[in-house]
Every structure is written in structure tokens, then in C-alpha cells.
Amino acid sequence: MSLLEIENLSFSYSGDLLYQGASMRLFEGEHAVLVGPNGTGKSTLLKLMDRTLSPDTGKITWLTGRKIGYLDQYAKINPNLSVEAYLYDVFLPLFEKEKAMEKLYEQVSTAAEKDHDRLLHWAAELGEQLMASDFYAIKSKIGNVIHGLGLTMDILETPIKHLSGGMRAKIILAKLLLGDSDVLLLDEPTNFLDVKHIEWLAKFLQNYPKAYIVVSHHEEFLMEIANTVFALENLTITRYKGDYAFYLKERQLRFEQQEKAFLNQQKFIQKTEEFIQKNIVRATTTKRAQSRRKMLEKVERIHAPQQSKTYHFHFPMASSTGKDVLMTSNLEIGYNEPLLEPLNIAILKQDKVAITGKNGIGKSTFIKTILHVIPSLGGQFKWIDTAKIAYFEQDSIFEPNITPFQLVHHRYPHFTKKDVMSLLGNHGIDYEMANRDVNSLSGGEQTKVRLALLRHQKGNVLILDEPTNHLDVAAKEALKEALIAYQGTLILVSHEKEFYQDICDYEITLYEG
């Protein structure tokens, strides 16, 4: 049975047409992924499905009575709630049922004898409903999800306002997984997960009895969870009935077929137009030329297949540093109390080091401490005097009503308009995107703007905090190549081993004390 039907969908965002006449269907129990390069409208399509946005034209219809669970990592939630209160809210109807059952048992002791059987029957019926809902396994369920996502049970007592961005995202995901949604819409659920927790989530979704649509750029994860692929291509939604490996092969085959058909049609159109041009003015052949023109007007044009964008990332070097680039001595990091044992680290000239560790352990806190963004809680750290640092901050916030063009021009005021557009183009930001409010761009497009801002910030120490979050596959590969080619010292925070293992010389893994 069809859970979701999308018919003739068209939608523009800030003047940019994302879909035109697009249609798709999702069936009961279907495990689907939604793929496409950055900027094709994957997150926007989930918002349309969730009715957070409304289409320009077309219909989005859910089967009546179905509950939709939508993962929005930027959702506003009460910061003063404890994690426990936030998660247990999922089971509020069951707790209310338990209270009603307990109240009935209390009434038995004071009710007339003739009412005892009736009250006991109602209470027993509620008890059976609770048993059928696994009410008494709630704590175990929460524990399974909490541990599976890389957290510990003591987080339940923590106010949400004290959580890191990654931990907050995990809690939002945990609540969704604990709920009883008929279909899950998950936008980049792996962004803040380590490798083993991505594996746990993949197994959870493999065994999920209901339907879901997942957006992710993590190819290994997609390989594990998909039995259907929806691809955003040429302003439409193409369905591939098979797993992600099938999609990759079939997409290449379809691309080659469409390319061949497009080129053949272009040759036919050119030949026909040449005939019309030669014969339209001759009295003896004008009717034939007019007939060809009418025929050509009726030809349904084949679109050129969309090529993957090419990226040209580069991080130029300033003058070289000396040997001991960064030294820490018993460095303590944190906010109110140390997150880790004192750190004694030596990073040398041209080292390429990955800073790893589970989410919430303090990787970003370490970076912000050595950059003097937040104070240390003890110990010391020292940069070599010749260090010139270029820094990519994870999910830094842009001011409202500013475009990528304006951001780059402000950073590099001596650039001509052509220079600015060339720089943005090398990072996958076209003319239309360059002149939109940067906050209207997708997460991947915003990441590319941040990388573009680093292009001419000549340094000899490059610090990148989770730069691959939201990036599509082609952009990740281009970034990897640029970092391998970089001649300076690199400090890279990443949870994607398959990304950093070909770049970095070694890892520094942070552990709790």
C-alpha cells in the first residue's frame, strides 16, 4: 500500500527551481534513501513531506492516520528540560494510562462491593494494554538507544542547555527512534556519530519494521540501509528499485543512455535546422521546409544528463614554520570542570594529525582552547611564533541577509567581481547561489562557502573542525585531494575514518579521564 504520493511537484527556493513536475511514491515498510549532489533539494523535499514547507504546485498526500517522524537537528527544544524529561515525553500516553490504572485500584478499596468487579476489570484491561505496549521495558529501550548512539545513562539528568551540539543532535535522534512513527524522515542522521555508532544505527534501521526515507552522504551507511533509492536528477525524482550498489550501476547506465540519446537528437536537430534554413526561401522547397519546422517544434527535447560538479579546493601556504608548531603541557580543557585528563601533545612542522574521539568528548573544545576562543582550565599550550593559522569552524553561524558574494568580497576587498565569482565557482557555488542569502543554502553549500573563504587565507597551520559534515561525495573527494597536497601543518577533527586515514600521519584520540 502507498504511504506517500507526490504528484507533479514543483518548488522554487529564493528563485532557484528545485523540482519541476516531480512525482514519487513510498510504500508501507519501504526502506528508502534520498540522494543527489548538494543543492538539489534533498533537505527541502523532506521539509515539504513534513509540511514545514508548501509546494508551489502539485500534491503531497500521506495515507490518512499515519504518524510522521521528522529529524530536524536544528529543532527548537526547551533548553531547561532534562534529557530524561525530553525522552520520556515519547511515552507520556502510557504513563497517563498507568496513572489511570493505579487510580482504579485505589478506588476499589473505597467503592461499594457491587462495583469491585467492574473497577478491577477496567484496571486489569489497562494493565494488559501496558504489557502489550512493552511499558515495563521502557527504561531498557531508552538504555539501548542511548548506548547505541554513543551516550551514557548519566546524560538523562543533564539539562539540554548543557549539551554540546553533537550530543543535542543525538538526543533529538534518540527521541525519534523511540517513538511510534509510521514513517521516519531522517536528514543526515550520521553527522554526529562515530563509526561504531553509525554501525549500530544501520542495524537498527535494517530491523526497523516500518518505512523511512534517509538523507545521507555517508556511502557505506547507505549501502547498509537502502532497498530503494530516490535520486534528485534533472529537477525530477527518479526511483531505483534496489539497494545503493544497484543505484550506482544503474545510474551510470542510464547516464550513458541519456547522453547518447541527447547527442543523437542534437545532431538530428542541427541537420533539420540546416535544411530549413537552406530551403525556406525557395518557392519550390518552402512547403517542405515549413513541414520540417512544424515537425521540429513538436519534438520532445531530451535534456543533457546532469554532470557531477567539479571542485577545485586549494589551501595555499604562507612561509614555513619551525619544528615545534604546537606544544601542550598538562593542558586542561572544558567549561566548568575538565573534560579530560591533562593533555601533553607535540605537533611538529608539516604533521598532519586527526583529532578523534567519541562525540561530546571535547574535540571542538580542544580546538577552541588552543585558538584562545575559550580559556584553558589549567596547564599551558604554546604556538611557535611563526604560526599563521587558517581555521574552519564547524557550523559557524552566518549573519542574516548576506550573500556568499558579499562574504567573499568583504574577506578579500581587492578582488574583482570576476575574481569572487571564479573563487565561488571553484567551490561549487554558481551565480544564482552566490547572490542568495547564505542562510537559504543547504548545509553542504554553506560548507563550500566556508571553504572558499579559506582559499586565499594564506597560513602554515590549517585547522579544520568536521569539514565533511553535509558534503556530497564529489566534494569530499576534492577536499581529500587538497588536504593531501597541502604543504603545511594540518589539524583535522573528523569522525570519518575513511576520509582522514589517507590524509593524516597519525591520530590523537581524546578519552575521558
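The values are calculated or read from the model by the stated rules, or taken from the named source; none is laboratory data. Please read these numbers as outputs of a predicted model, since none were measured by experiment. Don't worry about glycine lacking a Cβ; one is built from the backbone with ideal geometry, like all the others, and counts go over all protein chains shown. Remember, those area values only see protein heavy atoms, side chains included, never the ligands or the DNA or RNA. Shrake-Rupley method; radii C 1.70, N 1.55, O 1.52, S 1.80 Å.
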Residues of the chain: accessible area per residue at 1.4 Å, in Å²? 51 Å²
Of His116, Ala85, Gly29, farthest towards positive along the dipole that unit charges on Lys, Arg, Asp, Glu beta carbons give the stretch 14-119: Gly29
Mind giving me the FRET efficiency for Leu53 and Tyr105? R0 is 41 Å, r the Cβ-Cβ distance, nearest 0.05 is fine. 0.25
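About the Cα centre of the chain, what is the dipole size in debye to 20, counting +1 per Lys and Arg Cβ and -1 per Asp and Glu Cβ, all else neutral?
Details: 59 positive and 65 negative charges, 607 e Å.
So the magnitude is around 2920 debye.
Rounded to the nearest 20 debye, what is the charge dipole size of the stretch 204-322 about its Cα centre when +1 sits on each Lys and Arg Cβ and -1 on each Asp and Glu Cβ? Could you put the intermediate results ahead of the total?
Values: 19 positive and 12 negative charges, 247 e Å.
For the stretch 204-322, the charge dipole is close to 1180 debye.
Provide Thr52, Thr369 ordered by accessible surface of protein heavy atoms (probe 1.4 Å), highest first. Before the final figure, lay out each step's value.
Numbers: Thr52 80, Thr369 0 Å².
From most exposed to least exposed: Thr52, Thr369.
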For Leu441, what accessible surface area do you get with a 1.4 Å probe? Give it in Å², rounded to 10. 10 Å²
Can you return the lysines within cross-link range of Lys67? Criterion is Cα-Cα under 17 Å, with same-chain partners fewer than 8 residues away left out. Lys47, Lys175, Lys210
Checking rank on 189-202, 401-414, with mean other Cβ inside 10 Å and highest first, the result is 189-202, 401-414
May I ask you to derive the relative contact order of the chain, considering only C-alpha pairs under 8 Å and at least 6 residues apart, and to give it as an integer percent? 17 percent
Of the stretch 474-513, those with amide N under 16 Å from the point 7 Å along the Cα→Cβ vector of Gln252 are 474
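Wrap a convex hull around the Cα atoms of the chain, take a quarter of its surface area, and give that in square nanometres.
Numbers: hull surface 132.1 nm².
The orientation-averaged projected area of the Cα hull of the chain comes to 33.0 nm².
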Sequence-distant lysines (8 or more away, or on other chains) whose Cα lies within less than 27 Å of Lys382: Lys323, Lys349, Lys352, Lys358, Lys363, Lys368, Lys458
Among the lysines, select those whose C-alpha is under 27 Å from the C-alpha of Lys267, and discard any that sit fewer than 8 residues away in the same chain. Lys278, Lys287, Lys294, Lys298, Lys309
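In nm, what is the difference between 0.36 nm times the number of residues separating Gln206 and Ala485 and their Cα-Cα distance? Let's see the in-between values first.
Numbers: separation 279, 0.36 × 279 = 100.44 nm, distance 3.85 nm.
Full extension from Gln206 to Ala485 adds 96.6 nm.
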Carbon and sulfur atoms: what percent of the 1.4 Å accessible area of the chain do they account for? 51 percent
Ranking request for peptides 273-281, 294-302: highest mean number of other beta-carbon atoms within 10 Å first, then the rest in descending order. 273-281, 294-302
About the Cα centre of the stretch 403-472, how large is the charge dipole given +1 on each Lys and Arg Cβ and -1 on each Asp and Glu Cβ? Please answer in debye to the nearest 20. 360 debye
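Tell me whether the stretch 332-398 comes out rounded, prolate or oblate; compute the Cα gyration tensor, take square roots of the eigenvalues as a ≥ b ≥ c, and use a/c under 1.5 as the rounded threshold.
Rounded shape, in that the Cα axes give a/c under 1.5.
Tell me the mean residue ellipticity at 222 nm calculated for the chain from its helices only (DSSP H runs of n ≥ 4, each -39500 (n - 2.57), averaged over every residue, nearest 500). Display every interim value, and only then the final one.
Details: 17 runs with 205 residues, N = 513.
Rounded to the nearest 500, it is -12500 deg cm²/dmol.
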Give the residue from Leu407, Leu104, Ser494 lying farthest towards the positive end of the charge dipole for the chain; charges sit on Cβ (+1 for Lys and Arg, -1 for Asp and Glu) and the dipole is referred to the Cα centre. Leu407
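Determine Rg/Rh for the stretch 186-281; Rg is computed over alpha-carbon atoms and Rh is the Kirkwood hydrodynamic estimate from the same atoms.
Details: Rg = 21.2 Å, Rh = 16.5 Å.
Radius of gyration over Kirkwood radius for the stretch 186-281 works out to 1.28.
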